[in-house]
Amino acid sequence: MNPLRLPLGHRGVSAENELSMLLEDYGSKMRQIERTMTLIEELAKQIPWYEKMIEIKGVCLMVAAGLLAEVGDISRFNHPKLIQKLSGLSLK
C-alpha cells in the first residue's frame, strides 16, 4: 500500500527522503517561532503599559508588542488622539 501515492523505486525513495527533510525543517521552524514568541513575551512584560494593553479585547501579544515597538513610550502622549494621529488614523 502506498498512501501518499508516491512512485515506487528510486523516485519513491527520493520523494520520501525529501518529504522527511521538509517535515524536519518545518518542525525546526516551528520550534524557532515558539522560542521567538516566548522571548517577545518576556521582553514585552518588561514594558510599562503592556499588561494593560493585553486586557483590551482583541489585543494580543503580537498587537501589543508591535504597537509598543512602533510607538515607544506611550506615556509621552497626553491624549489618545495623539497616538491616533501618529498612526495616521482618524477615528470618530
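Throughout, read-outs are computed from the coordinates displayed, never taken from laboratory work. Model, not experiment: these values are computed from the prediction. Methodologically, a virtual Cβ is constructed for each residue, glycine included, from the backbone with ideal geometry; neighbour enumeration extends over all protein chains shown.
Assorted remarks:
- The GluC sites (Glu not before Pro) of segment 23-57 that DSSP puts in a loop, and whose beta carbon has at most 12 other beta carbons within 10 Å, are Glu55.
- Two-decimal Rg to Rh for segment 45-92 - Kirkwood Rh, Cα set: 0.95
- Trypsin sites (Lys or Arg not before Pro) lying in DSSP loop within segment 27-65, provided at most 10 other Cβ fall within 10 Å: Lys57
- Each Lys or Arg adds one and each Asp or Glu subtracts one; over the other residues with Cβ under 14 Å from the Cβ of Leu22, this totals -3.
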